[in-house]
Amino acid sequence: MSLWSLSVVVLYYTTKYFRDLLSSAAEVIPDFTLLTLPRLLQYLKHSGILAWFLLLGAGTGFLILKKLRFEFASRTEAAALSLGLGWGVLGLGILALGLANLWCKWLIVSVLAALSWPAAIAVCELFKLPARKKQPWSATEIFLGCFLACFACVVFLGCFIPETFYDALVYHLALPDLYLKHHGIMATPQNLYSGIPMLTEMLYAIGLVFGSDETAHLIHAAFGFLSTALVLGFFERFMKNRAAGLFAAIIFYSTTLVAMLSWRACVELGWTFFQFAAVYALAVRISEGPARKNWTWLAAAFTGFAMGAKYPAWPALGILGALFAVFAYRENAGSRRWWIEPMQFILIALAALFLWPVKNIVLYGNPVYPFLHERFASVGPLPDWKRLLADGKSRDLGAAFFTWAGFKSYIAHPWTLLAADKGEFGAIGVFPFLVVPFFFLARFRDRAMKFLSWAAVLLWLSWSLSTTQTRFFVPQLPLISVILVYCFEQGFTPRFRKIVYAAILYAACCQLLWSLGWLRTYNAGAVIFGSESKRSYLSRFIPSYPQTSYPAIEYVNNNTPRDAKVLFIGDSRGFYMERDYIAVTAVFDTHPLLIWLRESGTPDELLKRFKEAGITHVLLNRHLLIGLQMNGIDILPLNEREIEVFLAFQKKHFRMVFEKKPQTQNLDETWVTVYEII
């Protein structure tokens, strides 16, 4: 296994792709001379907001854990678990305020301010916790800590790229921003993503209260760092080996996809932390016995929080619940009451999830909206949730297990999907592929490691059987990092272990350059350091933000009354719009304009529909509309009568007030028009 590990790492990271990265290292290192004083002040402002939010989370979580009489193995463990628990509770609190239509900025700030003093006192107590055994950091550990800090710096810089991720502009940021405009969570049936659990997005809402997507990026990035800290905490607790924990932390945190997700307001790193924290807490409970039932309760809460991050996290409840039940049965085989604690785990996790299906029942009449919507007594147009699953790269199990080509593809996925893919959301590297033989050959004597390894296998299977979306694999990475380093420590000789760790540090350097290379691909250096404005960056072509509507959005923000309301046609990306709006997830939902045209026999009847909806302006992204049609997606499939009504309406009631046309025929360029309804 030692030769396998060394060979895989060296051969993978000496391929032409990485040799080219190394040879162009000077080109991808950020140019810090571009940094401006106003941008530096923005760094400090958003860092201060994040620090305040970290204090609120850590203090709130520690107060709860203190009441439950938790004993921690290290301050790292105490801080990471307290902060994660606190953020989960705050997220549910923000959700409750939203459901009560109390999303007033002054109220949210007042509530958080009121929590600040007790949270600060609790954080002081947290850092006064006595360490079980004080160990000064060795030179090796200091070096590894500095190595991790280099990755944290790259992540921090990337958080100041203006948001261009499609999902964030459509719902991760757009929906919390829209809810803030309406002072509460409301039904948005034209956006099927509104039914997805959004615990992480509730935290982003706090960042948006201060008017910034950059704060949301920092919150998401903090989840990645929390997972890293918990990996370190695992080794401090179970192996009393800080250096090994730092190597495992580097394996996880150096993953290029972790950095790239940190730069975006998505949810995978929140899901990653909550799920890993649940596994961690159950591992502690299994290791220390029935007397530590409070760790079961904590694991259940984290499981519920993970499920509240995204529907694909829901299998974790069944997997962890069943796995814990097996261990609990073996632990109490002579007792008829062995099932009570696993049942407590399931019930507490469901309680932490409870508000999300309730929200969907209230707004849509469907607890799992948008899925299975046709089976519930729901109103409104039916979302195309089956196409959503296909768009999310759901796996075709029939092809995977009943065709030879599909079966080969499934068996090969640790290489083809996770290692060989170098695309924007495939930048994971070789470590998941490296761990596969250890699942079959390693023998884990420690009960905590047995539980963790089984959890890793079953969660991996759950992912691989449900989807081929690589970024949904990220929640398994902390488990893989722990298993790899545990096996290195237990199975390799000290001399060979040093050689393997040296190879891992080389691999981490390659992945650092890989991350910096993506910053160059986004052409983001100037906007990160403030020498290019956010407006300029968002108005030009960016690979992750083609056919931008930003120039039209900016026009509406600057030239329309505050009570204006905009209907998007062609584009679904509503974030950055400061006015109220309707932006339809055109591929999955029925456009309101199509519904109105079917209900209208004349232009005046159509005008009535516009006025009933409060629409004052229309934003048309022609190139996105053309692109959808070229891909066989017609969001406005009109018949002859409807076309006639619309053309007459357009002629009578549309007045063009803004247009940006491309200079070439390139469909990736911007062609947007704003019409006022007259």
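I'd like the full set of residues that are open to solvent by 60 Å² or more (accessible area, probe 1.4 Å) and part of a helix (DSSP H, G or I), limited to segment 112-129. Full working, then the answer.
Restricting attention to segment 112-129, the residues satisfying the condition of being open to solvent by 60 Å² or more (accessible area, probe 1.4 Å) are 114-115, 117, 121, 124-125, 127-128.
Scanning segment 112-129 gives ALA114, LEU115, TRP117, ILE121, CYS124, GLU125, PHE127.
Quick one: in segment 543-564, of everything that is charged (D, E, K, R) and touching a Ser or Thr at 6+ places or on another chain (Cβ under 9 Å), which residue is nearest to LEU628 (Cα to Cα)?
GLU554
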Residue that is touching a Pro at 6+ places or on another chain (Cβ under 8 Å) and of a type in the set (Val, Ile, Thr), where the choices are VAL279, VAL258, VAL231, VAL267 = VAL231
Given the structure, is LEU382 open to solvent by 50 Å² or more (accessible area, probe 1.4 Å) and outside any helix (DSSP H, G or I)?
-> yes
Helices (runs of 4 or more DSSP H) lying entirely in segment 601-655 (those with 3 or more residues that are closer than 26 Å to PHE575 by Cα and within 41 Å of the chain's Cα centre (by Cα)) = 603-613, 622-630
With respect to GLN663, is the statement that it is among the polar types (S, T, N, Q) and part of a loop (DSSP other than H, G, I, E, B) true?
-> yes
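Table: residues versus (1) open to solvent by less than 40 Å² (accessible area, probe 1.4 Å); (2) at pLDDT 95 or above; (3) aromatic (Phe, Trp, Tyr); (4) closer than 19 Å to GLY91 by Cβ.
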residue: CYS104; (1), (2), (3), (4): yes, no, no, yes
residue: SER110; (1), (2), (3), (4): no, no, no, yes
residue: SER138; (1), (2), (3), (4): no, no, no, no
residue: CYS150; (1), (2), (3), (4): no, no, no, no
Restricted to segment 588-632 and to residues being surrounded by 13 or more Cβ atoms within 10 Å (Cβ to Cβ) and more than 24 Å from MET656 (Cα to Cα), the residue modelled with the highest pLDDT is ARG598
Go through (1) polar (S, T, N, Q); (2) in a helix (DSSP H, G or I); (3) surrounded by fewer than 17 Cβ atoms within 10 Å (Cβ to Cβ) one by one and return the number of the condition SER481 breaks.
-> (3)
Before we move on, is PHE472 buried (at least 17 other Cβ atoms within 10 Å of the Cβ), more than 21 Å from ALA313 (Cα to Cα) and either of a type in the set (S, T, N, Q) or touching a residue at least 60 places away in the same chain (Cβ under 8 Å) (or both)?
-> no
Evaluate segment 520-534: report whether one residue or more is among the polar types (S, T, N, Q), open to solvent by 20 Å² or more (accessible area, probe 1.4 Å), in contact with a Leu (Cβ under 7 Å, 6 or more places away or on another chain) and under 30 Å from PRO662 (Cα atoms).
-> yes
Using the structure shown, decide if PHE234 is aromatic (Phe, Trp, Tyr), in contact (Cβ under 8 Å) with a residue 60 or more places away in the chain and open to solvent by less than 10 Å² (accessible area, probe 1.4 Å).
-> yes
Got at least one residue in segment 251-261 being out of contact with any Leu (no Cβ under 6 Å at 6 or more places or on another chain), under 25 Å from CYS104 (Cβ atoms), in a loop (DSSP other than H, G, I, E, B) and open to solvent by less than 10 Å² (accessible area, probe 1.4 Å)?
-> no
Only one of (1) farther than 19 Å from ALA79 by Cα; (2) part of a helix (DSSP H, G or I); (3) in contact (Cβ under 8 Å) with a residue 60 or more places away in the chain is not met by ALA291, so which one is it?
-> (3)
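Results for (1) farther than 29 Å from LEU40 by Cα; (2) in contact (Cβ under 8 Å) with a residue 40 or more places away in the chain; (3) touching a Ser or Thr at 6+ places or on another chain (Cβ under 6 Å), shown as yes or no for each residue.
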residue	(1), (2), (3)
LEU102	yes, yes, no
PRO118	yes, yes, no
ALA139	yes, no, no
ASP167	no, yes, no
TYR179	yes, yes, no
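Looking at TYR555, is it on the phi < 0 side of the Ramachandran plot and in contact with a Gly (Cβ under 6 Å, 6 or more places away or on another chain)?
Considered against the rule, which asks whether it is on the phi < 0 side of the Ramachandran plot and in contact with a Gly (Cβ under 6 Å, 6 or more places away or on another chain), TYR555 comes out as no.
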Of LEU298, LEU320, the only residue that is of a type outside the set (Phe, Trp, Tyr), closer than 21 Å to THR467 by Cβ and surrounded by 14 or more Cβ atoms within 10 Å (Cβ to Cβ) is LEU320
Has segment 385-395 got at least one residue that is open to solvent by 50 Å² or more (accessible area, probe 1.4 Å), touching a residue at least 40 places away in the same chain (Cβ under 8 Å) and either of a type in the set (Val, Ile, Thr) or in a loop (DSSP other than H, G, I, E, B) (or both)?
-> yes
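So in segment 402-451, with the set limited to residues that are outside any helix (DSSP H, G or I) and over 22 Å from ARG471 (Cβ atoms), which one is most open to solvent (accessible area, probe 1.4 Å)?
Among them, the one singled out is ARG445.
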Taking segment 2-55 and the residues there that are in a loop (DSSP other than H, G, I, E, B) and out of contact with any Phe, Trp or Tyr (no Cβ under 7 Å at 6 or more places or on another chain), the one that is nearest to VAL485 (Cα to Cα) would be THR14
Determine whether GLU201 is touching a Pro at 6+ places or on another chain (Cβ under 8 Å), in a helix (DSSP H, G or I) and under 30 Å from TRP518 (Cα atoms).
-> yes
Of the listed residues (GLY392, GLY429, GLY406, GLY423), the one being modelled with pLDDT of 85 or more, within 20 Å of the chain's Cα centre (by Cα) and small (Gly, Ala, Ser) is GLY429
Index of the failed condition, LYS408 passing every other in (1) without any contact (Cβ under 8 Å) to a residue 40 or more places away in the chain; (2) touching a strand residue (DSSP E or B) at 6+ places or on another chain (Cβ under 7 Å) | (2)
Given (1) surrounded by fewer than 24 Cβ atoms within 10 Å (Cβ to Cβ); (2) closer than 26 Å to PRO494 by Cβ, number of the condition PRO189 does not satisfy = (2)
Inside segment 50-80, the number of residues satisfying the requirement of being open to solvent by 40 Å² or more (accessible area, probe 1.4 Å) and either more than 24 Å from the chain's Cα centre (by Cα) or more than 24 Å from LEU218 (Cα to Cα) (or both) is 8
Matching residues in segment 642-659 (within 17 Å of ASN559 (Cβ to Cβ) and open to solvent by 100 Å² or more (accessible area, probe 1.4 Å)) number 2
In this structure, does PRO189 turn out to be modelled with pLDDT of 95 or more, over 20 Å from VAL258 (Cβ atoms) and out of contact with any Leu (no Cβ under 7 Å at 6 or more places or on another chain)?
-> no
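The values are calculated or read from the model by the stated rules, or taken from the named source; none is laboratory data. Not measured: the values here are computed from a predicted model. Please note: Cβ atoms are built from the backbone with ideal geometry, for glycine as well, and neighbour counts cover all protein chains shown. Please note that ligands, DNA and RNA were not included when accessible areas were found on the heavy atoms of the full protein model with its side chains. Shrake-Rupley method; radii C 1.70, N 1.55, O 1.52, S 1.80 Å.
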